[in-house]
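Taking it in order: structure first as structure tokens, then the write-up.
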Amino acid sequence: MPLDPALTARIAASVAAGFPEQVAHTQALVRFGSVRGHEGAIQDFVFDAYAARGYAPERVALDGPALAAHPGAGRVTEAQSRAPLVIATHRPRDPVGRSLILQAHVDVVPTGPADLWTHAPFDPVIDGDWLYGRGAADMKAGHAANLFALDALRRIGLQPAAPVILQSVVEEESTGNGALMTHLAGYRADAVLIPEPEDEKLVRANVGVLWFTVAVQGRPTHVRAMGAGANAIDAAYRVVGALRALEARWNADKAGRPHFDGAADAINLNVGRIEGGDWASSVPAWCRIACRIGLYPGVAAADAARAVADAVAAFARTDSFLAAAPPVVTFDGFFAEGYVLEPGSEAEAVLAAAHAGATGEPLQSFMSPSYLDTRVHALYDRVPALCYGPISHDIHGCDERVSLASVRRVTTAIALFVAEWCGVEAIAAD
């Protein structure tokens, strides 16, 4: 049943009272340069924060063989993080409510050139309403909001009347295997909330993602005899053109996909890295391009991967050089299907009420053309998976930042959601 207005006001006031501490905690998270492969220290910090509150955290390792056997896993490579997941559970005295997973990731993408940032990327500077820093928005503000929403209840003598599992994961930015590992390890709840930076909206539909590398082999010669060689970098450009044609075909294929009707480019191909050649005066013998492409919900990752490989192979057969030296396509990261959050769940209704209580506005939903860990819980746990979080700018870019006023509203909404979804009970006296 809806929260009593007096309790709603008490929870909002408690979030406000704890917000300076929450901002300081978020800044501490941002100071960790937790790019892929370097998340161990921040996970130790998270472990200690959970332990200090009595949530009995545990470390869960990524199990490579178990992940590799699951069709939704990203490709397990040497680049995969070795940092553990940190998972902690609040257990009520008398469970009467519905259980909940609050999940967030600690891994961040590389910073890019430091001279393009106004402040150092891992220096969590506050300027007006904005907290700057790599990961400030994506998604360390949300990570802190999960914890401090529970703190807000505790501050007024209450705790959830159902189990709440706090999941701090890695690999969200490269494979999704951290979230999938929580599924394989058996963690379950009646609903999941992940506060990614979504402009205070609920994600209704979310694309799947593939990562792949195309390797092209050329024929090296001295530049004085360029015509006798074959430039692998030039050939890679031609392959990109074929992939762009595939991207255009997929973007045009919107029949039966109402959540994507108004999106001209929901299926984005990104050529994220290119490397090749050995010498400026030699025709390059090799080139590799690392790519990312989206896929519609309901399209199996294996089918999309086959279409990518087939498109490259079909183009190569028409190319005078590549026909004799076909490019090699390797899938080496995300291998994830998208999902649609069907409207009408009670969890969504509770979040809508919590959002209205925190912001005074109705909850809006939208399609996100990016990867989200909610796909694990939607597709494999088969529970309502809610992705909803604060207003931000320039995630994955320079001067990434998050609105602190929005973080406070979202934290209030999470606390209200927990209180209604899980119910509350008084904290027992020591």
- Size of segment 267-347 as Cα extents on the principal axes (Å, biggest first): 65, 26, 17
- Query: For the chain, with the dipole built from +1 on Lys and Arg beta-carbon atoms and -1 on Asp and Glu ones, taken about the Cα centre, which of A324, A252, A191 lies farthest toward the positive end?
  - Reply: A324
- Message: Run the helix sum for the chain: -39,500 (n - 2.57) per DSSP H stretch of 4+ residues, divided by residue count, reported at 222 nm to the nearest 500 deg cm²/dmol.
- Response: -10500 deg cm²/dmol
- Within segment 29-67: backbone nitrogen closer than 12 Å to the A120 label point (7 Å, Cα to C-beta): 31-33
- Given backbone amide H placed at 1.01 Å from N, residues whose amide H is under 5 Å from that of W286, ignoring those fewer than 5 places away on the same chain, are G218, A232, G277
- Message: How large is the convex hull of the C-alpha atoms of the chain per residue, in Å³?
- Response: 143 Å³
- Query: Ignoring ligands, DNA and RNA, what percent of the accessible area of segment 377-430 is carbon or sulfur (1.4 Å)?
  - Reply: 50 percent
- Gap in Å between the Cα centre of segment 1-66 and the Cα centre of segment 351-395? 18 Å
- Per principal axis, descending, Cα span of segment 126-247 in whole Å: 80, 42, 25
- Item | Residue with peak Gaussian network fluctuation, the chain [Cα springs, cutoff 10 Å], from Q22, Q159, Q364 | Q364
- If you place +1 on the Cβ of every Lys and Arg, -1 on the Cβ of every Asp and Glu, and leave all else neutral, what size is the dipole of the chain about its Cα centre, to the nearest 20 Debye? 700 debye
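With all pairs of different alpha carbon atoms counted, what Kirkwood hydrodynamic radius in Å does segment 47-152 show?
On the way: mean 1/r = 0.0590 Å⁻¹.
One over the average 1/r among Cα pairs gives 17.0 Å for segment 47-152.
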- Which residue, chosen from A353, V340, V299, occupies the Cα position most advanced towards the positive end of the dipole of segment 298-430, where the dipole is computed from +1 (Lys, Arg) and -1 (Asp, Glu) charges on Cβ about the Cα centre? V299
- Euclidean distance of C-alpha centroids, segment 297-329 and segment 82-144, integer Å: 37 Å
- Label-reachable residues, segment 300-321, where backbone N falls under 19 Å from a point 7 Å from R238's Cα toward its Cβ: 309-321
- Measuring from label point to label point, each 7 Å out along Cα→Cβ, what is the N270 to E346 span in nm? 3.8 nm
- Per residue, how many Å² of accessible area does segment 165-320 show with a 1.4 Å probe? 41 Å²
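The values are calculated or read from the model by the stated rules, or taken from the named source; none is laboratory data. Since we're looking at a predicted model, the values are computed, not measured. Positions of Cβ are generated from backbone atoms using ideal geometry, with glycine treated the same way; all protein chains shown enter the neighbour counts. In case anyone asks, the SASA skips ligands and DNA or RNA and just uses the protein heavy atoms, side chains included. Shrake-Rupley method; radii C 1.70, N 1.55, O 1.52, S 1.80 Å.
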